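*Asks:* Mind having a look at this structure? Questions to follow.
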There are 2 protein chains.
Amino acid sequence: MKINPQRFLADLHTLRSFGASGVGKGVVRPAYTAVDIAARRWLASRMQEAGLEVRFDRLGNLFGIAGEKSLLIGSHSDSQPEGGWLDGALGVIAGLEIARASKEAGGPPISVVSFQDEEGRFGVLTGSDVWTGRLSMADADQQTDNEGQTLRAARQRMKEGTEKPVPTDLFTGFLEMHIEQGPTLDTTGEKIGVVTNIVGIRDMRITFTGRQNHAGTTPMHLRQDAFQALSAFNTRLNERFAEIVTPATVWTLGHVALHPNASSVVPGRVTFSMQWRDAEAARLLEMEQIIRQTCDEIAAERDVEVEMGPVMGIEPVAMDDRIQAALRAAAEDLAPQQWRDMPSGALHDAANVARVMPTGMLFVPSIGGISHAFDEDTDEADLTLGLEVLAQAAAAL
Amino acid sequence: MKINPQRFLADLHTLRSFGASGVGKGVVRPAYTAVDIAARRWLASRMQEAGLEVRFDRLGNLFGIAGEKSLLIGSHSDSQPEGGWLDGALGVIAGLEIARASKEAGGPPISVVSFQDEEGRFGVLTGSDVWTGRLSMADADQQTDNEGQTLRAARQRMKEGTEKPVPTDLFTGFLEMHIEQGPTLDTTGEKIGVVTNIVGIRDMRITFTGRQNHAGTTPMHLRQDAFQALSAFNTRLNERFAEIVTPATVWTLGHVALHPNASSVVPGRVTFSMQWRDAEAARLLEMEQIIRQTCDEIAAERDVEVEMGPVMGIEPVAMDDRIQAALRAAAEDLAPQQWRDMPSGALHDAANVARVMPTGMLFVPSIGGISHAFDEDTDEADLTLGLEVLAQAAAAL
């Protein structure tokens with residue numbers, strides 16, 4: 001098959017116009033927002049033009065199906081609240097271009113997917129969680145975003161959802177092309193990463209509830225200050241994690257909602273996100289136990305209540321050996337000595353799909369290692385080279 | 001003069017209906033919101049019915065003027081984002097009732113005031129800051145709330161503002177009745193607090209700017225995490241303050257805005273409020289120096305930028321001796337041995353007004369010491385007793 005780089009890049013730029021931030025090439029296209037839905041409609045029209053059968057499932061996952069027993073290629077088209085133009089979008093448009101090119105060349109049937117809510121507005125990888133059966137639709141519907149909106153309410157904004165499921169056994173395997181989102185390839189000057197495995201991730205929401213009161217008349221020793229509880233928790237957690245982690249382990253406290261969040265009021269409540277990632281399931285569990293123990297200690301010491309939400313997450317997972325071999329062969333052919341095997345520190349839909357079919361991932365460099373930010377970017381020559389490697393591997397499979 | 005407790009309590013409950021929270025007796029009536037403006041219009045109508053000359057100044061401070069050289073009584077009718085029904089409202093309605101009762105009895109002229117934005121949506125005590133000349137109207141107009149709205153834009157929602165000033169020398173003195181907002185009177189069972197002095201307060205907004213990045217692919221040692229900078233700052237500040245404060249010193253980190261505030265993103269920026277209070281100006285300054293030094297250290301250690309906003313505040317101030325004596329005499333007459341002298345740990349408009357005319361304050365108990373919260377409350381018998389003491393002192397002055 002012969003891919004068309006101009007058509008591929010033009011579609012990638014058009015997708016960027018849905019929710020363009022106006023700052024660099026950034027996008028603001030969280031799952032189920034008006035611009036996310038509009039982008040999915042446009043993608044559906046491009047799939048239809050390519051001769052694929054368009055199908056939305058109930059959650060809003062969008063499939064372009066080439067026939068029974070096809071290879072599936074894709075990623076997601078939703079973004080972080082402040083996202084880059086390539087995260088997810090690259091893998092979807094790569095799938096679309098390879099599906100078109102294969103059809104034009106009379107090659108094997110290639111299907112395309114854009115999963116919904118990969119960025120975890122309502123969970124972790126919500127769309128592929130439900131599609132692969134890791135999470136029931138009923139449980140997913142109960143999940144809420146940071147503003148307390150349920151997924152059930154959000155997905156009702158999409159008219160396209162159908163009750164007719166898209167069975168996973170329609171597909172023989174899954175390929176996901178993605179930007180690395182880290183500094184490795186950009187630092188070494190290599191062009192392609194063949195992903196060997198994806199780290200596991202855990203995510204939970206924690207609330208400390210103290211006592212809201214006047215910031216002038218409440219003596220320090222009588223305060224039950226939720227922010228102080230959070231700060232003490234964070235400090236102690238960092239000390240304890242330092243004793244058990246590897247250099248590749250990461251943890252993040254990225255969301256904080258303080259209540260009532262006024263400068264003259266002792267904070268009565270704080271809800272925050274706690275996320276941690278590691279390649280070993282045992283270490284993920286050990287970290288969870290430390291989090292729970294530290295929460296309980298801080299609550300007792302500071303006379304606040306603690307509420308720990310459910311732990312959501314994905315297990316560490318290896319990529320399929322045969323697909324890895326095909327990606328390596330194509331990389332060595334098109335970018336000799338400019339590729340490497342590497343783990344993925346970021347979570348991807350491929351981590352879910354790998355449990356139901358043979359799955360592989362390919363990385364291209366991220367300039368400066370920057371992602372989840374408006375200035376995320378990759379040289380367009382690197383994007384096209386990655387697409388060519390992926391297409392050659394897909395043809396070989 | 002003879003005050004009318006039923007009329008006083010009825011007006012107090014009517015004022016509570018503007019912005020009623022539906023939770024206990026709480027109110028949501030921040031400065032310049034639609035309900036705050038509606039409450040001021042209703043107060044103006046009650047002042048007019050009482051035969052007072054109604055005047056709004058440019059900022060939205062509302063005066064009911066009884067004539068030249070009158071005693072001014074009042075407080076504020078705006079509330080915290082989650083406020084109690086008595087904070088501010090009590091002092092305004094007390095002034096209204098005493099002005100009415102004195103007029104009915106042919107007593108001395110009593111004027112009433114409801115200052116605007118005492119709760120510091122746009123500053124510290126914005127309305128009385130400007131009225132007493134501590135802050136220029138031009139500077140006040142530049143001040144922004146936590147959402148970035150300017151005071152200039154907010155006050156344009158009030159049609160009542162007039163360019164005609166209300167000179168401070170219309171008034172011979174100022175009395176402010178207020179709930180204590182702390183636990184002292186409620187714990188001792190006493191009914192009246194005669195305020196001797198008001199502590200000083202300092203308030204500043206601080207921003208740490210790091211580097212927003214992906215929470216899975218950014219190694220811990222390469223992060224410039226704004227939340228971690230905030231937590232480290234808070235921990236170190238607490239250690240340092242512990243060495244110089246008195247048991248009456250307080251400090252609060254009550255507002256935190258994390259950016260982009262998403263669980264899968266290393267936070268790139270945090271803006272937070274830092275407020276501290278003490279009876280001594282020298283200690284307030286020493287605390288400010290420690291805050292600045294700690295900010296700079298954390299910024300250097302963690303490779304983040306720090307931006308410290310202007311320090312706003314009020315100096316510690318003593319109440320007028322003659323007014324204190326009149327309040328003590330009335331308290332001893334109506335609540336023998338059930339009153340005490342006490343400082344105010346909370347800031348009040350009286351702290352501003354004391355710089356331009358003789359000023360005094362009277363406290364009534366707060367049940368459980370709770371304030372700046374929906375469940376703030378005081379026994380109605382205590383409210384009425386406080387009003388009677390204030391009226392007797394006003395008549396004596």
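*Asks:* Quick one: net charge around B:Q289, please, counting Lys, Arg +1 and Asp, Glu -1 for every other residue with C-beta under 12 Å from its C-beta.
*Replies:* Once all neighbours under 12 Å are counted, the net charge is +1.
*Asks:* Obtain the nm distance between the two label points defined at B:T168 and A:A381 by a simple spin-label model: each point lies 7 Å from its Cα along the Cα-to-C-beta direction.
*Replies:* 7.1 nm
*Asks:* May I pose another question? What's the local net charge at A:G74, with K and R +1, D and E -1, over the other residues with C-beta under 14 Å away? Intermediate values should be presented prior to the final figure.
*Replies:* On the way: positive: A:R40, A:R46, A:R55, A:R100; negative: A:D11, A:D57, A:D78, A:D87, A:E97, A:E118, A:E176, A:D349.
Net local charge, A:G74 excluded: -4.
*Asks:* Then there is this: Just how many % of Cα pairs in the protein assembly as shown lie over 55 Å apart, if you round to the nearest whole percent?
*Replies:* 24 percent
*Asks:* Working only with C-alpha atoms, what are the Rg and Dmax values of the range B:24-138, expressed in angstrom?
*Replies:* Every Cα atom of the range B:24-138 included, Rg and Dmax give 13.8, 42 Å.
*Asks:* Can I ask one more? Hey, which lysines would be in cross-link range of A:K164, C-alpha to C-alpha under 22 Å, not counting anything within fewer than 8 residues on its own chain?
*Replies:* A:K69
*Asks:* Give me the tail of P(r) for the range B:141-225 as a percent: Cα-Cα pairs with distance above 18 Å. Don't skip to the end; give the middle numbers.
*Replies:* Values: 2706 of 3570 pairs.
Across the range B:141-225, Cα pairs with separations above 18 Å total 76 percent.
*Asks:* Let me ask you something else. Within the set of other residues whose C-beta is less than 13 Å from the C-beta of B:A34, count the net charge using Lys and Arg as +1 and Asp and Glu as -1.
*Replies:* It works out to a net charge of +3.
*Asks:* Another question, then. Per DSSP H run of n ≥ 4, the term is -39500 (n - 2.57); total these for chain A, divide by its residue number, and report the mean residue ellipticity at 222 nm rounded to 500 deg cm²/dmol. Walk me through the numbers on the way to the answer.
*Replies:* Values: 12 runs with 140 residues, N = 397.
When only DSSP H runs of four or more count, the value is -11000 deg cm²/dmol.
*Asks:* Using r as the Cβ-Cβ distance of A:E305 and A:D341, and R0 as 45 Å, what FRET efficiency do you calculate, to the nearest 0.05?
*Replies:* Numbers: r = 47 Å, r/R0 = 1.05.
Step by step, r from the Cβ atoms, then E = 0.45.
*Asks:* Which whole-Hz ³J(HN,Hα) couplings does the range B:301-307 yield from phi under the Karplus relation 6.51 cos²θ - 1.76 cosθ + 1.60, θ = phi - 60°, glycine and proline marked x?
*Replies:* 5, 10, 6, 10, 8, 10, 10
*Asks:* Let me ask something else about it. For the range B:200-314, what's the relative contact order in percent, using C-alpha pairs closer than 8 Å and at least 6 residues apart?
*Replies:* 47 percent.
*Asks:* Follow-up. Restricting to bridges with both residues inside chain B, how much of the DSSP beta-bridge set is antiparallel, in percent to the nearest 5?
*Replies:* Looking only at bridges with both residues in chain B, the antiparallel portion is about 65 percent.
*Asks:* Further question on the same structure: Tell me, what is the Rg over Rh of the range B:149-198, with Rh the Kirkwood radius over Cα pairs?
*Replies:* 1.19
*Asks:* Mind pulling up the Rg/Rh value for chain A? Radius of gyration and Kirkwood radius, both on Cα. Before the final figure, lay out the partial values.
*Replies:* On the way: Rg = 22.2 Å, Rh = 22.0 Å.
Using Cα coordinates only, the ratio equals 1.01.
*Asks:* Tell me, what ³J(HN,Hα) does each residue in the range A:308-316 have, in order and in whole Hz, if you take phi through Karplus 6.51 cos²θ - 1.76 cosθ + 1.60 with θ = phi - 60° and put x for Gly and Pro?
*Replies:* Per residue, the Karplus-derived 3J(HN,Hα) values read 9, x, x, 8, 9, x, 10, 6, x Hz.
*Asks:* Which whole-angstrom value gives the distance between the alpha carbon centres of the range B:143-176 and the range A:67-104?
*Replies:* First find each Cα centre; the distance between them is then 57 Å.
*Asks:* Take the residue pairs A:K103/A:K159; B:K103/B:K191; A:K2/A:K103 and return only those whose Cα atoms are more than 20 Å apart.
*Replies:* Going by Cα-Cα distance, A:K103/A:K159; B:K103/B:K191 fall outside the 20 Å limit.
*Asks:* Within 10 Å of each Cβ in peptide A:353-366, how many partner chain Cβ atoms are there on average? Round it to a whole number, please.
*Replies:* 0
*Asks:* Kindly state, to the nearest 0.05, the FRET efficiency for A:R355 paired with B:E160, given R0 = 51 Å and r defined as their beta-carbon distance. Walk me through the numbers on the way to the answer.
*Replies:* On the way: r = 66 Å, r/R0 = 1.29.
My answer for the efficiency is 0.20.
*Asks:* Determine the equivalent ellipsoid of the range B:51-202 by diagonalising the alpha-carbon gyration tensor, then write out the semi-axes as square roots of 5 times the eigenvalues, largest first, rounded to whole Å.
*Replies:* Working through the eigenvalues yields semi-axes of 25, 22, 13 Å.
*Asks:* If you don't mind, there's one more thing I want to ask. If you count only protein heavy atoms with a 1.4 Å probe, what accessible area per residue comes out for the range B:1-158, rounded to a whole Å²?
*Replies:* With the other protein chains kept in place, the range B:1-158 gives 33 Å² per residue.
*Asks:* Using a probe of 1.4 angstrom, how much of the accessible area of the protein assembly as shown is carbon and sulfur, in percent?
*Replies:* For the protein assembly as shown, the apolar C and S fraction of the accessible surface comes to 50 percent.
*Asks:* Would you mind giving the total buried accessible surface between chains B and A, with a 1.4 Å probe and ligands, DNA and RNA left out, rounded to the nearest 100 Å²?
*Replies:* 4700 Å²
*Asks:* Just counting partner chain Cβ atoms within 10 Å, what average do the residues of peptide A:181-187 show around their Cβ?
*Replies:* 3
*Asks:* Could you order the peptides B:18-28, B:90-100 from most to least packed, using the average number of other C-beta atoms within 10 Å per residue?
*Replies:* Output ranking for B:18-28, B:90-100: B:90-100, B:18-28.
*Asks:* Given the range B:200-314, what percent of its DSSP beta bridges are antiparallel, to the nearest 5?
*Replies:* Close to 100 percent.
*Asks:* Antiparallel as a % of all DSSP beta bridges within the protein assembly as shown, to the nearest 5?
*Replies:* Working: 82 of 124 bridges.
Of all bridge pairs located within the protein assembly as shown, approximately 65 percent are antiparallel.
*Asks:* Label 7 Å along Cα→Cβ of B:W42; the range B:113-130 residues with amide nitrogen under 20 Å?
*Replies:* Only B:113-119 pass the distance filter.
*Asks:* A further question follows. Shielding of B:371-382 by partners, i.e. mean partner chain Cβ atoms within 10 Å per residue?
*Replies:* Per-residue shielding by partner chains comes out at 3.
*Asks:* Right, something else. Arrange the peptides B:52-64, B:115-127 so that the one whose residues have, on average, the most other Cβ atoms within 10 Å appears first.
*Replies:* B:115-127, B:52-64
*Asks:* Another question about this same structure. Which order, highest average first, do B:322-335, B:352-365 follow once you tally other Cβ atoms within 10 Å for each residue and take the mean per peptide? Write out the running numbers ahead of the final one.
*Replies:* On the way: B:322-335: 19.6, B:352-365: 24.3.
Packing order, densest peptide first, comes out as B:352-365, B:322-335.
*Asks:* Now, a different point. Would you work out which of B:A281, B:L71, B:S45 lies farthest towards the positive end of the dipole of chain B? Charges go on Cβ: Lys and Arg +1, Asp and Glu -1.
*Replies:* Of the options given, the answer is B:S45.
*Asks:* If you don't mind, there's one more thing I want to ask. In whole Å, what are the Cα extents of the range A:257-397 along the three principal axes, biggest one first?
*Replies:* 63, 34, 23
*Asks:* Over the alpha carbons of the range B:200-314, what is the largest minus smallest coordinate on each principal axis, giving the biggest first in Å?
*Replies:* Principal-axis extents of the Cα atoms in the range B:200-314, largest first: 49, 22, 21 Å.
The values are calculated or read from the model by the stated rules, or taken from the named source; none is laboratory data. Note that this is a predicted model, so its numbers are computed, not measured. Here Cβ is always computed from backbone atoms with ideal geometry, including for glycine, and neighbour counts include all displayed protein chains. Accessible surface is based on the protein model in full, side chains and every heavy atom, while ligands, DNA and RNA are left aside. Shrake-Rupley method; radii C 1.70, N 1.55, O 1.52, S 1.80 Å.
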